[in-house]
Amino acid sequence: MRLFLLLGILFLSFKAFAQYGCEVKSGPNSLDDLLRSIKKLNSIDVRSSCTKKFGTSFTNYVNESLNSGIKCLMNLSGKGSAQIAEKITSLIKLKGTTIECEANGAKSTTSIATASINEANNIPSKNLYHPYLVINSDAFDFKDSNSLDKFKATIFHETIHNISYGHGEGPEIAYSCEDCCFHKDQNNKLACEVCAADYQNGADSSYLQKIISWANATGRTHSIMLDQLTYDGLIKSPGSKQLLEVLVQLENAHGQTLVNIFTSKMLLEEKIADSEIVKSIAEIEVPKKYEDFIVIAKKIARARIDFLAKGDYKLALKDYRSIDLDSLQKMFDKDEDPFKQSQIFELWLYLNDEAEYLKKAVTSDSDKSEVEDFQFKLALMNVVQTKSKKEKN
Ligand SMILES: [Zn+2]
């Protein structure tokens, strides 16, 4: 099942590094230079909320985290990782950073930590100004060595947010560098490859290839974000053979869907893409139990081809509007077979996702309002498969 981006992305706004007033130097400093500057980290303002809860060792562990993280980045000898190491040290030297500890985290009970990405994340009521980290003090126990390791990894991860990298937009730097430098037991070689390289943007094809291998190997949930990255790339350059191939490959990795099978068939038949992965998905024979869903899945695939491969947003909109949502709803209400209901729900999720991307792509106000109208109809549908629905009746 495809998942729309429901991730708890806390800070999404992105700003260029220029806001710190520090240019990234052309060549990396020596490791010694960097570590010397990190030793002078008296510009880290650890609030008493942290030392009260964790004692004075809190600051030592923060230093250990940054030291070993930066050392790791420098040892990767990649252009991207060297720049990240420099940005972290420059930021701390020039601006310092504030670390606050709060029970239950700053924003939610599930988050173990949050960090500012830029000044837009300032919280004057808490006297928190960029750059800052907020640690959920309930989430860590230094007496437990696993928890302490997680703490060090988290400090490093959150500091990467401080130098402007978020999640879900642009290359996934925070998780890849965290996995590479702090989770050596996991399949971290691929994470290191993602972390080390330097990319133009999140739709950079070399980035996408690396992150797909990493996500596939580890099952890291970041693969969820890849859909969006790929779509963003395709909206910018519709018809990109490589991105289209990445898209069907990703969906294949998430779990095969009818829509993906028909998308691959159309890509192949219309000679838009012909990689091995497209061919192998296109060859899949659709089992008989899916027959009720073929018409609508084909329509969605048709719309995606018009949208993503041909860049014809108006035609894609027409394709979507030709889908009979009423009969889809009727089919859902009539048949209580969990398999059928889950198929309908999956198609409905597809339509929601696609409509959201289409809205990003259309340019005229009238097209936008047509997409919104379609989204409104989808929102009115009741295709969430629940036992409680039946129990209530
Ligand atoms: Zn994060």
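The values are calculated or read from the model by the stated rules, or taken from the named source; none is laboratory data. Predicted model, so just to flag it, every value in this text is computed and none were measured. Cβ placement follows ideal geometry from the backbone for every residue including glycine, while neighbour counts extend to all protein chains displayed.
Quick one: in the range 181-201, of everything that is surrounded by 19 or more Cβ atoms within 10 Å (Cβ to Cβ) and within 15 Å of the ligand (Cβ to nearest atom), which residue is nearest to residue 238 (Cα to Cα)?
Among residues in the range 181-201 that are surrounded by 19 or more Cβ atoms within 10 Å (Cβ to Cβ) and within 15 Å of the ligand (Cβ to nearest atom), the one nearest to residue 238 (Cα to Cα) is 194.
Given the structure, is residue 167 within 13 Å of the ligand (Cβ to nearest atom) and in contact (Cβ under 8 Å) with a residue 12 or more places away in the chain?
Considered against the rule, which asks whether it is within 13 Å of the ligand (Cβ to nearest atom) and in contact (Cβ under 8 Å) with a residue 12 or more places away in the chain, residue 167 comes out as yes.
Quick one: would you say residue 64 is within 15 Å of the ligand (Cβ to nearest atom), among the charged types (D, E, K, R) and modelled with pLDDT under 95?
Working: within 15 Å of the ligand (Cβ to nearest atom): no; among the charged types (D, E, K, R): yes; modelled with pLDDT under 95: yes.
No, not satisfied.
To keep it simple, each residue is scored yes or no on (1) touching an Asp or Glu at 6+ places or on another chain (Cβ under 7 Å); (2) in a strand (DSSP E or B); (3) outside the structural domain of residue 49 (by TED's automatic domain parsing).
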| residue | (1), (2), (3) |
| --- | --- |
| 73 | no, no, no |
| 91 | no, no, no |
| 101 | no, yes, no |
| 120 | no, no, no |
| 147 | yes, no, no |
| 153 | yes, no, no |
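Determine, yes or no, whether residue 346 is under 29 Å from residue 274 (Cα atoms) and either assigned by TED's automatic domain parsing to the domain that holds residue 267 or at pLDDT 90 or above (or both).
yes
Quick check on my filter: what residues within the range 232-259 are buried (at least 17 other Cβ atoms within 10 Å of the Cβ), in contact (Cβ under 8 Å) with a residue 40 or more places away in the chain and part of a loop (DSSP other than H, G, I, E, B)?
238, 257
Is it fair to say residue 174 is within 16 Å of the ligand (Cβ to nearest atom) and touching a helix residue (DSSP H, G or I) at 6+ places or on another chain (Cβ under 6 Å)?
Spelling it out, residue 174 is indeed within 16 Å of the ligand (Cβ to nearest atom) and touching a helix residue (DSSP H, G or I) at 6+ places or on another chain (Cβ under 6 Å).
Of all residues being touching a Phe, Trp or Tyr at 6+ places or on another chain (Cβ under 7 Å) and at pLDDT below 80 in the range 163-195, which is nearest to residue 121 (Cα to Cα)? Just the residue, please.
Looking at residues that are touching a Phe, Trp or Tyr at 6+ places or on another chain (Cβ under 7 Å) and at pLDDT below 80, I get 169.
Only one residue in 204, 198 is at pLDDT below 80, within 24 Å of residue 69 (Cβ to Cβ), out of contact with any Leu (no Cβ under 7 Å at 6 or more places or on another chain) and acidic (Asp, Glu). Which one?
204
Please enumerate the residues belonging to the range 116-154 that are small (Gly, Ala, Ser) and in contact with a His (Cβ under 9 Å, 6 or more places away or on another chain). So that I can check it myself, show each step before the final result.
The first filter runs over the range 116-154 and keeps only residues small (Gly, Ala, Ser), leaving 116, 120, 125, 137, 139, 145, 147, 153.
Matches in the range 116-154: 116, 120, 153.
Pairs needed: first member in the range 60-81, at positive phi; second member anywhere, of a type outside the set (Val, Ile, Thr) and surrounded by 20 or more Cβ atoms within 10 Å (Cβ to Cβ); C-beta distance under 9 Å; at least 6 residues apart or different chains.
77/196
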